[in-house]
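S.K.: Can you read through this structure? Questions will come right after.
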Amino acid sequence: MNPILYVVVPCYNEEKVLEETTNQLKKKLDSLIKKKIISKESKVLYVNDGSKDNTWKMIEEFHKKDSKITGISLSRNRGHQNALLAGLMTAKKYAEIVISMDADLQDDIDAIDEMLEKYQEGYDIVYGARSSRKEDSLFKKTTAEAFYKFMKILGVDCVYNHADYRLTTKKVLEELEHFEEVNLFLRGMFPLIGFQSTVVYYERKKRFAGESKYSLGKMLNFAWDGITSFSIKPLRMICVLGFIILLGSIIMMIYSIIRYFTGNTVSGWASLAVSIWFIGGLQLTSIGIIGEYIGKVYKETKKRPRYIIETNLEELKNREFTKK
Ligand code: UDP
Ligand code: MG
């Protein structure tokens, strides 16, 4: 039996690209079904992340015309990571393999063939990684690359230049379900799950149409979540820094006592004032970072649902079947 593949695509205000994406994905699925690599029941599962434009209407239309296209709609905008998780958890119910990708055709659809080859070789997770960032702006490129390097320094196990274009098997997603964290950083969570994994490289393209939904603010937020959800190194750095400063001030104290007894009293209050400000600033930053983690603990302990599905076209269809 050929495996059922679901391609999960989160969409937030993507009316401009959806038609082209649907055509290309449909073509891809058809060719893979023809080659008997995947089952006839394979589908594209769109996740409407509370779009304010016609995205959901378009998805419903596509679904009416072709059962290969299906979708779920979230009750409101929850952000890319939550939308993706909602899609993965839904797809897991119907599929043996799930590939996640963006709606804007930046991820090369043809890399799916290679991902499936790796699946057949026995891998449970296949990460799609960008071989280059020629099409990204210099700013996006440098900040993104610096981010991956920084994460590595902080000890977060992340695949370099891998966003959320990846193939996973049902087995992996079943384990992912047990990760109950609210601050989602999926690309850091999959390496934690384990199993056999490999990387497939592809050229990242320009957005087909529309604008990036990741503003600078969202990007910084995401990076910060990635760091503070996966590494406690910043907390440890504060301890080390505090200790070094403590040592330094003890040495300074001894030095001024010696100066006092040798008759050279230290004159001037400027250095004193500067050091007070310095320590004050340092303490505030440190408390701020600690507060950041406490905030996370606070959020996690509430265990709020990470997404709410309003409509699931798959289940609507099943219900119709049982009615008949
Ligand atoms: N996205 C989403 N919810 C959001 C923001 C983005 O579902 O709140 C989706 C978006 O529709 C796209 C994917 O996440 O399919 C990646 O977003 P985008 O292409 O804007 O990010 P970039 O490629 O610029 O990092
Ligand atoms: Mg994009």
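The values are calculated or read from the model by the stated rules, or taken from the named source; none is laboratory data. Nothing here was measured: the structure is a model prediction, and the numbers come from that model. Cβ coordinates were reconstructed from backbone atoms using ideal geometry, including for glycine residues, and neighbour counts include every protein chain displayed. Areas reflect the complete protein model, heavy atoms only, side chains present, ligands, DNA and RNA absent. Shrake-Rupley method; radii C 1.70, N 1.55, O 1.52, S 1.80 Å.
S.K.: Of all residues in the stretch 106-154, how many are closer than 15 Å to V7 by Cα, within 16 Å of ligand 2 (Cβ to nearest atom) and of a type in the set (V, I, T)?
M.R.: 1
S.K.: Answer yes or no as to whether T55 is under 15 Å from D102 (Cα atoms), over 21 Å from the mean Cα position of the chain (by Cα) and either open to solvent by less than 10 Å² (accessible area, probe 1.4 Å) or within 14 Å of ligand 1 (Cβ to nearest atom) (or both).
M.R.: yes
S.K.: Let me ask something additional. What number of residues within the stretch 273-294 are under 28 Å from E177 (Cα atoms), in contact with a Ser or Thr (Cβ under 9 Å, 6 or more places away or on another chain) and not aromatic (F, W, Y)?
M.R.: Selection size over the stretch 273-294: 1.
S.K.: Filter the stretch 82-103 down to residues that are open to solvent by 10 Å² or more (accessible area, probe 1.4 Å) and either of a type in the set (K, R) or within 14 Å of ligand 1 (Cβ to nearest atom) (or both), then give me how many there are.
M.R.: 4
S.K.: Given the criterion exposed (fewer than 13 other Cβ atoms within 10 Å of the Cβ), small (G, A, S) and out of contact with any strand residue (DSSP E or B) (no Cβ under 7 Å at 6 or more places or on another chain), identify the matching residue among G188, G194, G210.
M.R.: G194
S.K.: Which of (1) out of contact with any helix residue (DSSP H, G or I) (no Cβ under 9 Å at 6 or more places or on another chain); (2) within 16 Å of ligand 1 (Cβ to nearest atom); (3) closer than 30 Å to I279 by Cβ is the odd one out, the single condition G217 does not satisfy?
M.R.: (3)
S.K.: May I pose another question? State yes or no: is V156 out of contact with any Lys or Arg (no Cβ under 8 Å at 6 or more places or on another chain), at pLDDT below 90 and within 26 Å of R306 (Cα to Cα)?
M.R.: yes
S.K.: Of all residues in the stretch 8-20, count the ones that are surrounded by fewer than 24 Cβ atoms within 10 Å (Cβ to Cβ) and touching a Leu at 6+ places or on another chain (Cβ under 9 Å).
M.R.: Going through the stretch 8-20 one residue at a time, the tally reaches 2.
S.K.: Continuing with the same structure: Kindly indicate which of K40, K65 is among the charged types (D, E, K, R), modelled with pLDDT under 95 and more than 17 Å from E15 (Cβ to Cβ).
M.R.: K40
S.K.: Still on this structure, I have one more. If we scan the stretch 155-177, do we find a residue that is among the hydroxyl-bearing types (S, T, Y), free of Cβ contacts under 8 Å to residues at least 40 places away in the same chain and not in a strand (DSSP E or B)?
M.R.: Yes, there is a match, as at least one residue in the stretch 155-177 is among the hydroxyl-bearing types (S, T, Y), free of Cβ contacts under 8 Å to residues at least 40 places away in the same chain and not in a strand (DSSP E or B).
S.K.: Residues of the stretch 196-217 being touching a residue at least 24 places away in the same chain (Cβ under 8 Å) and either of a type in the set (D, E) or away from ligand 2 (no atom under 12 Å from the Cβ) (or both), which ones?
M.R.: Q196, S197, T198, V199, V200, Y201, Y202, E203, listed by residue number.
S.K.: Filter the stretch 123-142 for residues that are crowded, with 16+ Cβ neighbours inside 10 Å and in a loop (DSSP other than H, G, I, E, B) and give the result.
M.R.: Scanning the stretch 123-142 gives Y123, D124, R133, D136.
S.K.: Also: Evaluate the stretch 92-105: report whether one residue or more is touching a residue at least 12 places away in the same chain (Cβ under 8 Å), in a helix (DSSP H, G or I) and in contact with a strand residue (DSSP E or B) (Cβ under 8 Å, 6 or more places away or on another chain).
M.R.: There is at least one residue in the stretch 92-105 that is touching a residue at least 12 places away in the same chain (Cβ under 8 Å), in a helix (DSSP H, G or I) and in contact with a strand residue (DSSP E or B) (Cβ under 8 Å, 6 or more places away or on another chain).
S.K.: Assess whether L116 counts as being more than 20 Å from F208 (Cβ to Cβ) and open to solvent by less than 20 Å² (accessible area, probe 1.4 Å).
M.R.: Spelling it out, L116 is indeed more than 20 Å from F208 (Cβ to Cβ) and open to solvent by less than 20 Å² (accessible area, probe 1.4 Å).
S.K.: May I pose another question? Please work out which residue is nearest to G71 (Cα to Cα), limiting yourself to the stretch 21-38 and to residues that are open to solvent by less than 10 Å² (accessible area, probe 1.4 Å) and without any contact (Cβ under 8 Å) to a residue 60 or more places away in the chain.
M.R.: Filtering first and then ranking leaves T22.
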